[in-house]
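Take a look at the structure set out below.
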Amino acid sequence: MAGKTIEDINAKIADGSVHVVTAEEMPDIVAELGPDGAAKEIDIVTTGTFGAMCSSGAFFNLGHSDPPIKMQKVWLNDVEAYAGLAAIDAYIGASQLSKSRGMEYGGAHVIEDLVAGKSIDIHATAYGTDCYPRKVLDTTVTIDDINQATMCNPRNGYQKYNVATNCSDRTLYTYMGTLLPDCGNVTYSGAGVLSPIYNDPTYQTIGLGSRIFLCGGQGYVTGQGTQHDPANNFATMMVQGDLKQMDKKYVRGATFHGYGTSLYVGIGIPIPILNADIAKATAVTDADITVDVLDYGVARRSRPVLRQVTYEELKSGMIDINGREITTSPMSSFHDARAIAGELKDWIQKGTFYPTLPVERLPGTGVECKPMKQIGEQPTVADVIAKRVITIQQGLTVEDAAKVIMEGNFNHLPVVSDKGRLVGIITAWDIAKAVAKNKRDKLDDIMTRAVVTADANEPIDIVARRLEQHNISALPVVDKHSRVMGIITSDDISKLVARR
Amino acid sequence: MKITLHVTPDITPRPLVAEVILETRVLLNIDWASVKPKGGGGEVAIDVPHDQYDQVAAAFEKRGATITALVQPVIKDDDECVNCGACISVCPTGVISFRDDWSVQMDLEKCVQCGACVTMCPHAALKVGKY
Ligand code: SF4
Ligand code: SF4
């Protein structure tokens, strides 16, 4: 069929005859009418998503003070914003933490509070110049007192996102929420059937200049987002909008316990149904979208993929992992994604929102999402361990261990079985305690049996974090048969870091 | 329903809960207990079947303990909650679930006040209730 133009559609909005549905309603319509019929019948499909988008923030201009200041550093409610711009311009990022309140409050909360009309304390410092003599500034403002307040998010609206679980034996606190040990739960993000980009995966209508619902106001897509990865269906967009138009309901500061702050951003994109191809794409369902379930227990860039699932399975509340049914929970709100798609539909029907076509579509080819180029070798455990490790046989006495430690002048003594396998560890402190309590005979009674270990191929940074988390100062390095290959201590790591 | 038992130091050494279970033959489930060091008394949060509350309360009161009924073991601030459902998967007893419209609901009868959902909630919408 001959398609429609955006002008045709906008004319129908103006005369009130436009036919708008949400992306949730579209699969049934396409199933019934076919793509051609649906394209004739439906003018616009609205999408929506509401979830944590860490790469978010806002530019603001405070207006000039008297005497004027060229801010070198600035804090809003104790959260630092980037002031390396002109005198009283700054950018506050969602994941910047408060100096005084830490993870409980961050840039995201400042943005929410601004939108909610609350007062924000500003503190700025400067070096002073002939044209900007002032060195310190303290004031309190609301969003109405400042000039521009422009949300500008470098990466939003991920097409889909990986699913998280945790096969390790300790609880992890991540940007995917609390992940319970031993695959105790599964978390996921994204709106599935309502996902803006999944409803137009070839970006026929999405790109620089597409007008969108942004946090309750009208904003724009300004191009591809950072880490845009069309080849793997991980497309992203950069968006911009006026904070002064926004609704607190759709801009929400969040704290992920033990991780940091992020901003829940509400985005709705209208997809003008210009032709049957576009109509067909908007018939995507939760069952059509597949994502990888990753093991966050492995703190590396490439995490092991445990299986693939669809959003339909995730939304059922349980998925099977290694033969066990595990409870899932979303981190993004489908309830509010639906509200956004609905509100955008309303706006269009009432004639207060007119979609646009992009001046330049999001790129579908020629972009590559590369890992970081790192110069210098990433040191691993193997580079720093003391290889001539001294161990002691299981079954010997506390006195024997004391002698070995005295002679060797070190603190940690791995205990091994007669087959050379690690069975425990003993420290100089354990021995001192045992002697004080007059427990001088069996080593087995006083050694620590649940030994935290390292693998020779692990990067030093991961082992350093493990030492810190367990509040210990050395780890035996073992091979896959639990044979002790060496020992790594926090001293070794400090020396290495000092050299770096 | 949830009740909190407050015991004064003079009666803490007694096996109060066991006595009441034996006397009333009601199966009581202890959610948590906190006994303060030396002479501070203590508190025990107990799950009691609705219809047997009066009988159980009387048995405890007879022994000198006071009882407060816990109306809400976990309190949700609906202005802060965005209905994401993040809290669902960390709850050990399945208190939280989605309604058909994807808003979250809580079956508070099942709550053991572990606080896992409070830590998980990205919007600080939950807190463990005090009586
Ligand atoms: S406190 Fe624990 S048991 Fe109660 S709702 Fe929260 S997670 Fe569930
Ligand atoms: S995690 Fe918090 S915001 Fe999300 S549904 Fe639960 S209470 Fe509401």
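The values are calculated or read from the model by the stated rules, or taken from the named source; none is laboratory data. Since we're looking at a predicted model, the values are computed, not measured. When we count neighbours, we look across all protein chains shown, and the Cβ atoms used for this are built from the backbone with ideal geometry, even at glycine. With ligands, DNA and RNA removed, areas are computed over all heavy atoms of the protein, side chains included. Shrake-Rupley method; radii C 1.70, N 1.55, O 1.52, S 1.80 Å.
Being part of a strand (DSSP E or B) and either under 9 Å from A:Glu80 (Cα atoms) or charged (D, E, K, R) (or both) is the filter here, so list the residues in segment A:92-105 that pass it.
A:Ile92, A:Gly93, A:Leu97, A:Ser98, A:Glu104
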**Study point:** Single match in A:Ala39, A:Ala58 (criterion: closer than 30 Å to A:Gly177 by Cβ and at pLDDT 95 or above)
**Key:** A:Ala58
Practice item. With respect to B:Val118, determine if the residue is open to solvent by less than 20 Å² (accessible area, probe 1.4 Å), not charged (D, E, K, R) and not assigned by TED's automatic domain parsing to the domain that holds B:Ala33. Key: no
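Residue-by-condition table, conditions (1) under 27 Å from the mean Cα position of the chain (by Cα); (2) open to solvent by less than 60 Å² (accessible area, probe 1.4 Å); (3) over 17 Å from A:Gly260 (Cβ atoms):
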site	(1), (2), (3)
A:Ala83	yes, yes, yes
A:Tyr91	yes, yes, yes
A:Gly102	yes, yes, no
A:Ala108	yes, yes, no
A:Ile143	no, yes, yes
Exercise for review: Working only within segment B:53-83, note down all residues that are β-branched (Val, Ile, Thr), loosely packed, with under 13 Cβ neighbours inside 10 Å and away from ligand 1 (no atom under 16 Å from the Cβ).
Suggested key: B:Thr66
Review point. Before we move on, is B:Ala125 more than 9 Å from every other protein chain (Cβ to nearest Cβ) and at pLDDT 95 or above?
Key: yes
Point to revise | Residues located in segment A:304-355, provided they are within 14 Å of another protein chain (Cβ to nearest Cβ), small (Gly, Ala, Ser) and farther than 27 Å from A:Ile212 by Cα | key: A:Ser316, A:Gly317, A:Ser329
Practice item. Can you tell me which residue within segment B:101-118, out of those that are more than 9 Å from ligand 1 (Cβ to nearest atom) and within 11 Å of chain A (Cβ to nearest Cβ), is farthest from A:Met176 (Cα to Cα)? Key: B:Asp101
Point to revise | Residues of segment A:1-52 satisfying the condition of being closer than 30 Å to B:His123 by Cα and touching a Leu at 6+ places or on another chain (Cβ under 9 Å) | key: A:Thr22, A:Ala23, A:Glu24, A:Thr46, A:Thr47, A:Gly48, A:Thr49, A:Ala52
**Study point:** Unmet criterion (only one of (1) away from every other protein chain (no Cβ under 14 Å); (2) open to solvent by 30 Å² or more (accessible area, probe 1.4 Å); (3) modelled with pLDDT under 95) for A:Ala87
**Key:** (2)
Exercise for review: Identify, from the list A:Ser195, A:Ser168, the residue that is in contact (Cβ under 8 Å) with a residue 40 or more places away in the chain, surrounded by fewer than 24 Cβ atoms within 10 Å (Cβ to Cβ) and either within 20 Å of A:Val298 (Cα to Cα) or out of contact with any helix residue (DSSP H, G or I) (no Cβ under 6 Å at 6 or more places or on another chain) (or both).
Suggested key: A:Ser168
Practice item. Test B:Ala86 against the stated conditions and say whether it is open to solvent by less than 40 Å² (accessible area, probe 1.4 Å) and not assigned by TED's automatic domain parsing to the domain that holds B:Asp107. Key: no
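Just to be sure before I move on: is A:Tyr311 surrounded by 19 or more Cβ atoms within 10 Å (Cβ to Cβ), at pLDDT below 95 and not hydrophobic (A, V, I, L, M, F, W, C) in the structure I sent? Full working, then the answer.
On the way: surrounded by 19 or more Cβ atoms within 10 Å (Cβ to Cβ): yes; at pLDDT below 95: no; not hydrophobic (A, V, I, L, M, F, W, C): yes.
The answer is no for A:Tyr311.
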Review point. Quick check, is B:Ile75 β-branched (Val, Ile, Thr), within 11 Å of ligand 2 (Cβ to nearest atom) and within 14 Å of chain A (Cβ to nearest Cβ)?
Key: no
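Could you tell me whether A:Leu33 is hydrophobic (A, V, I, L, M, F, W, C), more than 30 Å from the chain's Cα centre (by Cα) and surrounded by fewer than 21 Cβ atoms within 10 Å (Cβ to Cβ)? Lay out the reasoning, then the answer.
Details: hydrophobic (A, V, I, L, M, F, W, C): yes; more than 30 Å from the chain's Cα centre (by Cα): yes; surrounded by fewer than 21 Cβ atoms within 10 Å (Cβ to Cβ): yes.
In short, yes.
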Review point. Could you say whether any residue in segment A:412-429 is open to solvent by less than 50 Å² (accessible area, probe 1.4 Å) and assigned to a helix (DSSP H, G or I)?
Key: yes
Practice item. Scan (1) open to solvent by less than 70 Å² (accessible area, probe 1.4 Å); (2) assigned to a loop (DSSP other than H, G, I, E, B); (3) modelled with pLDDT under 95; (4) within 16 Å of ligand 1 (Cβ to nearest atom) for the single condition B:Ile46 breaks and write down its number. Key: (2)
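Tell me, please, whether a residue that is closer than 24 Å to A:Leu76 by Cα, in the same structural domain as A:Phe256 (by TED's automatic domain parsing) and either surrounded by fewer than 19 Cβ atoms within 10 Å (Cβ to Cβ) or among the hydroxyl-bearing types (Ser, Thr, Tyr) (or both) can be found in segment A:173-180.
yes
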Check your understanding: If we keep just the residues of segment B:89-100 that are open to solvent by less than 20 Å² (accessible area, probe 1.4 Å) and more than 15 Å from the chain's Cα centre (by Cα), which is farthest from ligand 1 (Cβ to nearest atom)?
Key -> B:Ser89
Revision key, fill the gap. Of the residues in segment A:148-168 that are at pLDDT below 90 and not polar (S, T, N, Q), the one that is nearest to A:Arg252 (Cα to Cα) is A:Gly157
Practice item. Confirm whether A:Val415 is modelled with pLDDT of 90 or more and either under 30 Å from A:Ser168 (Cβ atoms) or in contact with a Lys or Arg (Cβ under 6 Å, 6 or more places away or on another chain) (or both). Key: yes
Check your understanding: If a residue has to be within 13 Å of ligand 2 (Cβ to nearest atom) and either within 10 Å of chain A (Cβ to nearest Cβ) or in contact (Cβ under 8 Å) with a residue 60 or more places away in the chain (or both) to count, how many in segment B:88-100 make the cut?
Key -> 8
